[in-house]
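Starting off with a structure, shown below.
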Amino acid sequence: MPLTAADVLQRYHQVLEKFPHAERRHAQEVMIREVSQALIDQKHLAIEAGTGSGKSFGYLIPALLLGKRPIVISTATIALQEQLINKDLPNLIEAMEIVDHQGNPPPEGQSIKEGQSTKIKLVKGRGNYLCIQKLIETERHIQPASTAGNKDYMILNYIKSEWQNEWDGDVGTLDMIIPHHIWSEIRSDSEDCLGRKCQYFMDNPYRLAREDLEEADIIVVNHALYLQDLMAGKSLLPDHEVVIFDEAHQIKSYALGALTVRIGRYATTKLLQKIQRRLQPIPDHYIQLVSDTEAGLLEWLMKHKQETFRLYPDDLFHYLVDRQLEALKDLERWLNGVDVQQLQIVTSDLEADKAAVHKNNLLSQLHGLILRWEYFLTENNAVELAGPRFGEPSGELPSQEISRVNWVELQRDKLYFELRSTPLDVAPVLASKLWAEKTTISTSATLSVNHSLSFFKSDLGLPDSANESILPSPFDYSTQCLLYLPAGMPDPNSPDYLRHCGEEIERLLKISQGRAFVLLTSYQAMKHISEALIPRLPFPCRLQGEMPRQRLIDWFKQTPNSVVFATATFWEGIDIPGDALSCVIIDKVPFAPPGDPVNSAMVDYIKAKALKSMGLGEKAQDWFNGFVLPQAIIKLKQGFGRLIRSKDDTGIVAILDPRISSKGYGRMILRSLPPAPVFKTLDSLEAAFEALEKDGIMVPY
């Protein structure tokens, strides 16, 4: 008889008894019921579960009991993947004694340790693994005379020795960080793979890592890999019916990344080099034409003052791209005419077979490069969604059009550029490729805006019929947290704003005695404020970027009264319970920067759609309240959420932006934040914080 949601909840209570320090949480019980019902009914569920609700058990227990194998769990951060793989899943599986795929308990007296264990697999992208053939090839092309003291050669030698000593080929398991420019030359990818023609096929680290993937019951991936595979035609992951997105507030950013077309300055040059290494020399005039075109594009782009900007092509830009396309199409015809049997490198039938595979791979890459260059001939062009443009040509997206923004990221010091083309709306793609194909559970502590999930659902194209739920945190913010909104701060656009922020931050750090994250909305603000304050502060201070992220977090935990000044990556995914973190200071509501090319294009897109809707008598989307503000609120909630991580935590969240109090939209921001008492002056805040620290009580305010 099939399990019901009530049966799953009963099993949850039985499982909880096997965890001596676990406690029943109302929000977790509600989540288990709702996830169970969604899986039984095969319906989508979007569920916000506040910090401390126990989200992972809330979806894992129903998934283990009800989900048809394999179940895919997708997360945004490595930290959560490690928690699931190393802690939550093994502990739950053992406690639940699951042995079959229907969630039935084992025969009496038998446990999971006696065989038939549930198989868990962490899946990483192909680029995380070594290609042995490319390692040998790269090492061979370093000139012998240049190897003495050559750091790159020494790193390659280290990698080769690790491989010979039974290293698994995963770059993440090495004892040193491999520079990007080296790893990009030797990592595995589908474009260059010889498959069974490769002499190292049986030892291929990526093949070995995927060897038992089809037998996995639980597959843990990250959003980037899952969405890239989805857009490329689902070639990596085995067929599955259920996918659970934890940290689901990040789905859109990874979907945009998966659908963004990129061309770096050396993309064409590197492809020419590969053709020469693997087949034969290319006629000089092709090489010269490509080199001249890339140099011309760099010169054209360097005239712009910004580092990141929208691309508005003029006649010269069109001319340069047309020349590049002309050269590539001529090269494609030349490569098609190459007879692999006549190549000097071919000395046997096996070498001829390998050369033929190389030729086909290179032709495919060349064609893909031509398609990518064509994106950059128009601004905000509407393009037809089709498989080959987004990845492997194994699957096609529905025939429809989507507007895009073309933009540039420029690194002047490195004389490097990358052209990018990003869609302005991912909802149609996700609606057809994801929501129509799978049963999905999307969860996070921050999905709602103004107590509604409508923005999350509409932004991603999640059907209106999807179930939804908002579960409160078990933490009592009214007695654990003080929210400081200082009176008298100037407008954030004022030239004096950063100076006033610095003064407020210094006073706040004195009250909290350090023990703080100062979360800033730009690197410029972080640099300006930290340089002004650190020489005056009596607390140990560090900046994001001074050491690797995890090492900086460890330093903060181990260093009494410490302070970290940080930007984007410290706003979420960090868990520091206890007294080490007692104050979170945020300089501004994190609206997307006005110069952000993708966001500004999205705003223009929404405005244009609104004008069209008005002409048709339809309801138009409000570009600010319907798009810009919800994005900022969700990120602000993430920053706020760094402070209270357990029922014993107390502290201050300070948001220095006066617009929360002075602007009409400030009411929506406050309604979206946890219900903490608000303080306007430092004197009242200090008195409340001292009482909270001393007696664990909130003084009147």
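The values are calculated or read from the model by the stated rules, or taken from the named source; none is laboratory data. Quick caveat, the model's predicted, so the values are computed rather than measured. Methodologically, a virtual Cβ is constructed for each residue, glycine included, from the backbone with ideal geometry; neighbour enumeration extends over all protein chains shown. With ligands, DNA and RNA removed, areas are computed over all heavy atoms of the protein, side chains included. Shrake-Rupley method; radii C 1.70, N 1.55, O 1.52, S 1.80 Å.
Table: residues versus (1) of a type in the set (Val, Ile, Thr); (2) closer than 21 Å to ALA592 by Cα.
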| site | (1), (2) |
| --- | --- |
| LEU611 | no, no |
| LEU629 | no, yes |
| ILE634 | yes, yes |
| PHE640 | no, yes |
| ASP649 | no, no |
| ASP657 | no, yes |
| MET668 | no, yes |
| SER672 | no, yes |
| ALA676 | no, no |
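Just to be sure before I move on: is ALA355 of a type in the set (Gly, Ala, Ser), at pLDDT 90 or above and either in contact with a helix residue (DSSP H, G or I) (Cβ under 6 Å, 6 or more places away or on another chain) or farther than 26 Å from MET602 by Cα (or both) in the structure I sent?
no
How about the range 620-637: which of its residues are open to solvent by 60 Å² or more (accessible area, probe 1.4 Å) and outside any loop (DSSP other than H, G, I, E, B)?
Passing the criteria: ASN625, GLN631, LYS635.
Identify all residues within the range 56-78 that are touching a Gly at 6+ places or on another chain (Cβ under 8 Å) and open to solvent by 30 Å² or more (accessible area, probe 1.4 Å); write none if there are none.
LEU66, THR77, listed by residue number.
Assigned to a loop (DSSP other than H, G, I, E, B), crowded, with 16+ Cβ neighbours inside 10 Å and touching a Gly at 6+ places or on another chain (Cβ under 8 Å) - does that describe any residue in the range 474-495?
For the range 474-495, residues assigned to a loop (DSSP other than H, G, I, E, B), crowded, with 16+ Cβ neighbours inside 10 Å and touching a Gly at 6+ places or on another chain (Cβ under 8 Å): present.
Assuming ALA258 fulfils every condition listed in (1) open to solvent by less than 10 Å² (accessible area, probe 1.4 Å); (2) within 30 Å of the chain's Cα centre (by Cα) apart from one, which condition is it?
Of (1) open to solvent by less than 10 Å² (accessible area, probe 1.4 Å); (2) within 30 Å of the chain's Cα centre (by Cα), only one is false for ALA258: (1).
Of the conditions (1) open to solvent by less than 40 Å² (accessible area, probe 1.4 Å); (2) in a helix (DSSP H, G or I); (3) under 27 Å from GLY502 (Cβ atoms), ALA654 satisfies every one except a single condition; which number is it?
Here ALA654 meets the rest and fails (2).
Pull out all pairs, ordered by first then second residue, where Cβ-Cβ is under 7 Å, the residues are six or more apart or on different chains, the first lies in the range 410-431 and is over 27 Å from TYR266 (Cα atoms), and the second is of a type in the set (A, V, I, L, M, F, W, C) and outside any helix (DSSP H, G or I).
Listed pairs, sorted by first residue: ASP425/ILE402; PRO428/ILE402; VAL429/LEU385; VAL429/LEU397.
Go through the range 158-192 and give me each residue that's of a type outside the set (D, E, K, R) and in contact (Cβ under 8 Å) with a residue 60 or more places away in the chain.
SER188, SER190
Please count how many residues of the range 323-338 are more than 14 Å from HIS367 (Cβ to Cβ) and of a type in the set (D, E, K, R).
Selection size over the range 323-338: 2.
The conditions are (1) open to solvent by 20 Å² or more (accessible area, probe 1.4 Å); (2) out of contact with any Lys or Arg (no Cβ under 6 Å at 6 or more places or on another chain), and ASN467 fails exactly one of them. Which is it?
It fails just one condition, (2).
Could you say which residue among ILE263, ILE275, ILE282 is more than 30 Å from the chain's Cα centre (by Cα), among the hydrophobic types (A, V, I, L, M, F, W, C) and outside any loop (DSSP other than H, G, I, E, B)?
Exactly one residue qualifies, and that residue is ILE275.
The rows are residues; the columns are (1) free of Cβ contacts under 8 Å to residues at least 12 places away in the same chain; (2) more than 28 Å from ASP491 (Cβ to Cβ); (3) open to solvent by 70 Å² or more (accessible area, probe 1.4 Å).
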{"position": "THR521", "(1), (2), (3)": "no, no, no"}
{"position": "ARG549", "(1), (2), (3)": "no, yes, yes"}
{"position": "THR559", "(1), (2), (3)": "no, yes, no"}
{"position": "GLU572", "(1), (2), (3)": "no, no, no"}
{"position": "ILE585", "(1), (2), (3)": "no, no, no"}
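Next question, about the same structure. Give the residue that is nearest to the chain's Cα centre (by Cα), with candidates limited to residues of the range 171-188 that are surrounded by fewer than 16 Cβ atoms within 10 Å (Cβ to Cβ) and under 18 Å from LEU225 (Cα atoms).
GLY172
Name every residue in the range 547-565 that is touching a helix residue (DSSP H, G or I) at 6+ places or on another chain (Cβ under 7 Å) and modelled with pLDDT of 90 or more, in order of residue number.
SER562, VAL563, VAL564, PHE565
Here's another thing I want to ask about it. Pick from the range 664-701 the residues that are modelled with pLDDT of 95 or more and of a type in the set (Lys, Arg): which of them is surrounded by the most Cβ atoms within 10 Å (Cβ to Cβ)?
So, considering only residues that are modelled with pLDDT of 95 or more and of a type in the set (Lys, Arg), the one surrounded by the most Cβ atoms within 10 Å (Cβ to Cβ) is LYS680.
What's the total number of residues in the range 443-457 that are touching a residue at least 60 places away in the same chain (Cβ under 8 Å), small (Gly, Ala, Ser) and either open to solvent by 20 Å² or more (accessible area, probe 1.4 Å) or farther than 16 Å from LEU673 by Cα (or both)?
Qualifying residue count for the region: 1.
Listed residues LYS134, LYS160, LYS121; which is within 30 Å of ILE73 (Cα to Cα), open to solvent by less than 70 Å² (accessible area, probe 1.4 Å), outside any loop (DSSP other than H, G, I, E, B) and not polar (S, T, N, Q)?
Residue meeting the stated conditions: LYS121.
If you don't mind, another one. Name the residue that is nearest to ARG412 (Cα to Cα), counting only residues in the range 310-341 that are surrounded by 15 or more Cβ atoms within 10 Å (Cβ to Cβ), charged (D, E, K, R) and out of contact with any Phe, Trp or Tyr (no Cβ under 8 Å at 6 or more places or on another chain).
ARG323
This table checks each residue for (1) at pLDDT below 95; (2) open to solvent by 10 Å² or more (accessible area, probe 1.4 Å); (3) of a type in the set (Val, Ile, Thr); (4) in a loop (DSSP other than H, G, I, E, B).
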| residue | (1), (2), (3), (4) |
| --- | --- |
| VAL220 | no, no, yes, no |
| GLN228 | yes, yes, no, no |
| GLY233 | yes, yes, no, yes |
| LEU236 | yes, yes, no, yes |
| PHE245 | no, no, no, no |
| HIS249 | no, yes, no, no |
| LYS252 | no, yes, no, no |
| LYS270 | yes, yes, no, no |
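When you scan the range 201-218, how many residues do you find that are surrounded by fewer than 17 Cβ atoms within 10 Å (Cβ to Cβ) and either outside any helix (DSSP H, G or I) or of a type in the set (Val, Ile, Thr) (or both)?
2
Same structure again: Somewhere in the range 187-201, is a residue modelled with pLDDT under 90, closer than 25 Å to ARG420 by Cβ and in contact with a Gly (Cβ under 9 Å, 6 or more places away or on another chain)?
yes
Given the options GLU299, GLU307, name the one that is modelled with pLDDT of 90 or more, exposed (fewer than 14 other Cβ atoms within 10 Å of the Cβ) and touching a strand residue (DSSP E or B) at 6+ places or on another chain (Cβ under 7 Å).
After applying the criteria, what remains is GLU307.
Can you tell me which of SER672, SER600, SER646 is under 30 Å from ARG25 (Cβ atoms), under 25 Å from the mean Cα position of the chain (by Cα) and polar (S, T, N, Q)?
Exactly one of SER672, SER600, SER646 is under 30 Å from ARG25 (Cβ atoms), under 25 Å from the mean Cα position of the chain (by Cα) and polar (S, T, N, Q), namely SER672.
Restricting the search to the range 425-442, which residues are of a type in the set (S, T, N, Q), open to solvent by 10 Å² or more (accessible area, probe 1.4 Å) and in contact with a helix residue (DSSP H, G or I) (Cβ under 9 Å, 6 or more places away or on another chain)?
Correct list: THR439 only.
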